[in-house]
Amino acid sequence: MEKWTQISEMDRYLFGEGTHYQIYDKLGAHPVVIDGQAGVYFAVWAPHAAAVSVIGEFNGWDTEASPMEEIENSGIFEAFLPGVTGHPMYKYQITTADGRSFAKADPFATYAELRPGTASRVYDTSHFTWNDQKWMTERAKKNPVRQPLSIYELQLSSWKCPEDEGSALYNYREAAPLLADYVKKMGYTHVELIGIAEYPYDGSWGYQVTGYYAPTSRHGNPSDFAWFVDYLHQNGIGIILDWVPAHFPRDAHGLADFDGQPLFEYADPRKGEHPDWGTKIFDYEKHEVSNFLIANALFWIERYHIDGLRVDAVASMLYLDYGKSDGQWVANRYGGNQNLDAIEFLRHMNSVVLGRNPGAMTIAEESTAWPGVTARPEDGGLGFTFKWNMGWMHDFLDYMSQDPLFRKYHHNKMTFGMTYACSENFILVLSHDEVVHLKRSMLEKMPGQGDDRFRSLKAGYTFMFGHPGKKLLFMGQDFGQHREWSEARQLDWYLLKDTCHKSLQSFYSGLLHLYRKHPCMYENDYTWDGFQWINADDGDRSIFSFVRIAPNRKKNLLFVCNFTPVDRPDYRVGVPDKGNYTQVFNEDGLFGRGKKKPVFPAEHSECDGREYSFAYPLPAYGVAVFEFDLPALKKPTKAIAKKAPAKKSPAKRTSRKKSQ
């Protein structure tokens, strides 16, 4: 037995300690050559099982054909099956001490049978061919917090589908060029993919995962997905994956009661179950479970070159009483509602993932006021790179849905976000969750009719881009999708034949290119050095004005956004300093090449509490962005040191002291 075992005593020790960060190279199914024989080595962690066997296409699914042996009472069962080749389907047949027997998919499987099938498949992911070395080298040199980050959130299955092919989906290799062309043309920096880790039910959108290590087979095999990532990187596009370490489904073939008892989940249902979601909660106290998840995060980033993980439902991990009534949860050892195991897990995960992969990022979808989500673990924080700004999103959407006549009564909804904008490294998000379940699409949230809705949405998007924080928009909202998103159909691309929808798409693309061109919009996102209100209190007219300032004080931008259908033909705005203010963007988008940009010299005329100002025509729902420079900050003048008196010799100082 020991002559061919692939899992050493050290492997088992590290796994038990929760620090075997490449455990996916040991557990699971791995094509190997042992004693000159090619085959597949299988290993699974099932400490409560009385017996385990491998069943699959290679043995006719015979439960007695390929028994596994436990390695020295470690709870890890292994088997080497010579002659197994290709990508056959398989499962583990588990028998419990009380005689129950059932089949489970492999928790570490790197490939899965196409739904509705639930079997795992053998696949070697260790030998991908990569051509994105330039991207990876450059990524390692950059701090994401200081870089432009404009994210296109999408679900590949419902983004775009082959025409006239029924329910067919694009393969990863087919989708990559189409997506890259769109993202590059629009000007996004990254895509964020929903539903990549394998999941059985389309309606879960990929948030109820059964195959944490397997890219969904809906779009091809693991090599196809690696090719997809490689292609986007070669085209200068970063990739973020949604990652779900908060919970998992009860599906019979999945992780729930894996070896006949709670294993991956807490045994106490008050800790181990989400009553609202009907899912299981990972037992973060178990080192092996924590290791399973941390290694999985590393697997996506290191094996597949993924640039970041957006961690779903972090709030549900942090609070023991999340979504639970009295009697449905149990307090921690100090009597509080914080999940101390989950907190430690998140700190551990972020420290390892970001420490090993400079330039990568982790993003928390955290909907409460938990402090220090993006602070360093050594400073008491959770260690994420960014946090979704859910509070800003809800305030923004509430304001934008108001009738323009009544927006003045909700003015503070748009200004409140700046009171805490520097407390975390925020991403401003308009995500998939806001355009489903009768919440309406972004365009349909806008009040009024016809062109007014498009103009109102353009003003909202401009405010979003000017506001400090990185940016995220869900697919379809950049061209004015009317219908709510459904995973069962592609976006309504035909809308782009309409002038209004095409104009909105061009406008949003203009914002993306403006954003990437001006460091003032991203380098100082999380310090007050990069933002100043010009007028935050013009509620009666529902107009907001503010400036974004670059570290070198060059190519700064002044934003003015009008959220009512009222023309202001001689609107006057205060400015930070004298000089020229060149308009580079308005409600029609960017000023293109060859189009003369209006220049407005600042006048010595007080406005908005500023010494200088200028006037210009601000249309109904109009927006205006002006570029300007500021004088460099003067360095503090060094005081001229007085000439020090000549030092006396030690002997003289000593004698003087004695004489006193």
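The values are calculated or read from the model by the stated rules, or taken from the named source; none is laboratory data. Nothing here was measured: the structure is a model prediction, and the numbers come from that model. No Cβ is skipped: glycine too gets one built from the backbone with ideal geometry, and neighbour counts run over all protein chains shown.
Data for the structure
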item: Residue in the stretch 126-136 that is closer than 30 Å to residue 473 by Cβ, of a type in the set (A, V, I, L, M, F, W, C) and in the same structural domain as residue 183 (by TED's automatic domain parsing) present; result: no
item: Matching residues in the stretch 125-160 - criterion: being out of contact with any Ser or Thr (no Cβ under 8 Å at 6 or more places or on another chain), of a type outside the set (S, T, N, Q), in contact (Cβ under 8 Å) with a residue 12 or more places away in the chain and assigned to a loop (DSSP other than H, G, I, E, B); result: 130, 132, 142, 160
item: Selected residue [closer than 19 Å to residue 283 by Cβ and either free of Cβ contacts under 8 Å to residues at least 60 places away in the same chain or surrounded by 15 or more Cβ atoms within 10 Å (Cβ to Cβ) (or both)] from 354, 346; result: 346
item: Residue in the stretch 101-110 that is at positive phi and not aromatic (Phe, Trp, Tyr) present; result: no
item: Residues that are outside any loop (DSSP other than H, G, I, E, B), over 16 Å from residue 502 (Cα atoms) and not basic (Lys, Arg), drawn from the stretch 439-458; result: 444
item: Criterion violated by residue 405 - all others in (1) more than 30 Å from residue 561 (Cα to Cα); (2) in a helix (DSSP H, G or I); (3) among the aliphatic types (A, V, I, L, M) satisfied; result: (1)
item: Scan of the stretch 164-221 for residues that are without any contact (Cβ under 8 Å) to a residue 12 or more places away in the chain and of a type in the set (A, V, I, L, M), ordered by number; result: 168
item: Filter pass, residue 415 being of a type in the set (S, T, N, Q), touching a residue at least 24 places away in the same chain (Cβ under 8 Å) and buried (at least 20 other Cβ atoms within 10 Å of the Cβ); result: no
item: Single residue of 67, 88, 107 found to be over 31 Å from the mean Cα position of the chain (by Cα), surrounded by 16 or more Cβ atoms within 10 Å (Cβ to Cβ), of a type outside the set (Lys, Arg) and at pLDDT 95 or above; result: 88
item: Qualifying position, being farther than 29 Å from residue 522 by Cα and either among the basic types (Lys, Arg) or within 16 Å of the chain's Cα centre (by Cα) (or both), among 333, 376, 347, 407; result: 333
item: Residue list for the stretch 263-303, restricted to those being part of a helix (DSSP H, G or I) and not hydrophobic (A, V, I, L, M, F, W, C); result: 269, 270, 271, 272, 287, 288, 290, 291, 296, 302, 303
item: Only listed residue being within 27 Å of residue 363 (Cα to Cα) and touching a strand residue (DSSP E or B) at 6+ places or on another chain (Cβ under 7 Å), chosen from 413, 470, 439; result: 470
item: Only listed residue being at pLDDT 95 or above and part of a loop (DSSP other than H, G, I, E, B), chosen from 228, 258; result: 258
item: Residue 369, sole failed condition from (1) part of a loop (DSSP other than H, G, I, E, B); (2) out of contact with any Phe, Trp or Tyr (no Cβ under 6 Å at 6 or more places or on another chain); (3) modelled with pLDDT of 95 or more; result: (3)
item: Filter result for residue 490 (in contact with a Phe, Trp or Tyr (Cβ under 7 Å, 6 or more places away or on another chain), in the same structural domain as residue 436 (by TED's automatic domain parsing) and not hydroxyl-bearing (Ser, Thr, Tyr)); result: yes
item: Among residues of the stretch 175-210, those that are farther than 28 Å from residue 505 by Cα, under 18 Å from the mean Cα position of the chain (by Cα) and assigned to a loop (DSSP other than H, G, I, E, B), counted; result: 3
item: Condition check for residue 327: modelled with pLDDT under 95, at positive phi, in contact with a strand residue (DSSP E or B) (Cβ under 7 Å, 6 or more places away or on another chain) and surrounded by fewer than 19 Cβ atoms within 10 Å (Cβ to Cβ); result: no
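Matching residues to (1) within 16 Å of residue 120 (Cβ to Cβ); (2) without any contact (Cβ under 8 Å) to a residue 40 or more places away in the chain; (3) outside the structural domain of residue 52 (by TED's automatic domain parsing); (4) among the basic types (Lys, Arg):
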| position | (1), (2), (3), (4) |
| --- | --- |
| 67 | no, yes, no, no |
| 76 | no, no, no, no |
| 91 | yes, no, no, yes |
| 94 | yes, no, no, no |
| 99 | no, yes, no, no |
